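Only one structure is covered here, and it is reproduced in the block below.
Bear in mind that the values in this text are calculations on the coordinates, not laboratory data. Predicted, not measured: the structure shown is a model, and the values here were computed from it. Positions of Cβ are generated from backbone atoms using ideal geometry, with glycine treated the same way; all protein chains shown enter the neighbour counts.
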Amino acid sequence: MMNNSTSDSVCPICNGKGFVITWQKDERGNLTEYARRCQCQDKAEQLKLKGTSGIPAEYEKCTVRSFDISLYKDAETAKKIKHAAGEYINHFQQFREQGKGLYFYSRAKGSGKTRLACSLGNAVIATNTMRVSYIKTIELLSMIKDTYNKKDAEITEKEVLDSIKKAPFLIVDDIGTEKTSEWVNSIFLEILDYRISHLLVTIFTSNVPQSDLKLDERIVDRIIKMSIEIHFPEENIRRKKANTECSELLKILGI
Ligand SMILES: Nc1ncnc2c1ncn2[C@@H]1O[C@H](COP(=O)(O)OP(=O)(O)O)[C@@H](O)[C@H]1O
Ligand SMILES: [Mg+2]
Ligand SMILES: [Zn+2]
């Protein structure tokens, strides 16, 4: 029997069974009974997917809707970006069929790239109950290196690579910040080659435009093919938010 684990109380729709019995009339008018998965099971699955996505706690609850345009001086661009993110989710099936993701970049740190990328991840979990994986490129590379150093590593290089390569929805945070080498190129090429040929969606964030990536040309070509480039305002929203918080506290302190 399936268990309703979304909350301590038992699901009132299925009484914790995980399925509900419904009847449907066939063309002759006969009623047939069948079991349908209860909506509480999606909720339980979504909660699990959130827990295993790797999305940092800071962005766990972020949504496209709560993307605040008023924080930007260039509110016009921020508005366009927010709209584009909303439309990406509304038309997700179409983008998914074509294996097209997005590429968020700005030279400025703190402009909201990671936040919006994670909001998209949260949205596809909620709307498609889809498996999402978030990884920073530097962390991915060090995870793989760790598997070389430890003879009895808990997880093999193949397992690390597979989990990233095959993720149905992948967020690659901060691509372009890693030191490049033949080895780095070969790792990225393996991941992106697999994803491009299986039409798996990837969202990238970076502090450089696609054309300035210092990666092997074959990798850059793949990134260009599999994502739509979006330039974020060159503004540090993190600093702006921190300054506002501080000035409010300073008022309390009377300074
Ligand atoms: N549009 C926004 N609305 C609300 N908070 C934002 C927005 N953009 C950025 N922030 C906040 O500013 C901080 C930096 O954003 P982040 O996405 O990490 O920047 P980046 O990845 O571009 O360096 C985070 O705490 C984030 O929640
Ligand atoms: Mg970031
Ligand atoms: Zn239920």
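Normalised by the number of residues in the chain, the average gap of Cα pairs under 8 Å and 6 or more apart makes the relative contact order 23 percent. Rounded to the nearest 0.05, the FRET efficiency derived from the C-beta distance between I21 and K166 at R0 = 30 Å is 0.25.
Here the simple spin-label model places points 7 Å from the Cα toward Cβ, and for S247 and Y194 these points are separated by 4.9 nm. Prolate is the label for segment 174-255, because a/c, from the alpha-carbon gyration tensor with a ≥ b ≥ c as root eigenvalues, is 1.5 or above and a/b exceeds b/c. By the helix-only formula, in which each DSSP H run with n ≥ 4 contributes -39500 (n - 2.57) and the sum is divided by residues, the chain has a 222 nm mean residue ellipticity of -14500 deg cm²/dmol. Taking the number of Cβ atoms within 10 Å of each Cβ as an exposure proxy, the fewest-first ranking of V124, V208 is V208, V124. The distance between label points at K80 and D146 comes to 4.1 nm (points 7 Å beyond Cα on the Cα→Cβ vector). Dipole size of segment 1-112 about its Cα centre, with +1 on Lys/Arg Cβ and -1 on Asp/Glu Cβ: approximately 260 debye, rounded to the nearest 20. How many angstrom lie between the C-alpha centres of segment 228-255 and segment 55-71? Value for the Cα centre distance between the two parts: 15 Å.
Note on the chain: semi-axes of the ellipsoid equivalent to its C-alpha gyration tensor, largest first and rounded to whole Å, are 35, 27, 20. Rounded to the nearest 20 debye, the dipole magnitude of the chain is 540 debye, with +1 charges on Lys and Arg beta carbons, -1 on Asp and Glu beta carbons, and the Cα centre as origin.
Here the contact order of segment 1-124, divided by its residue count and restricted to Cα pairs under 8 Å and six or more residues apart, works out to 21 percent. Here segment 13-34 and segment 92-171 have alpha carbon centers that stand 39 Å from each other.
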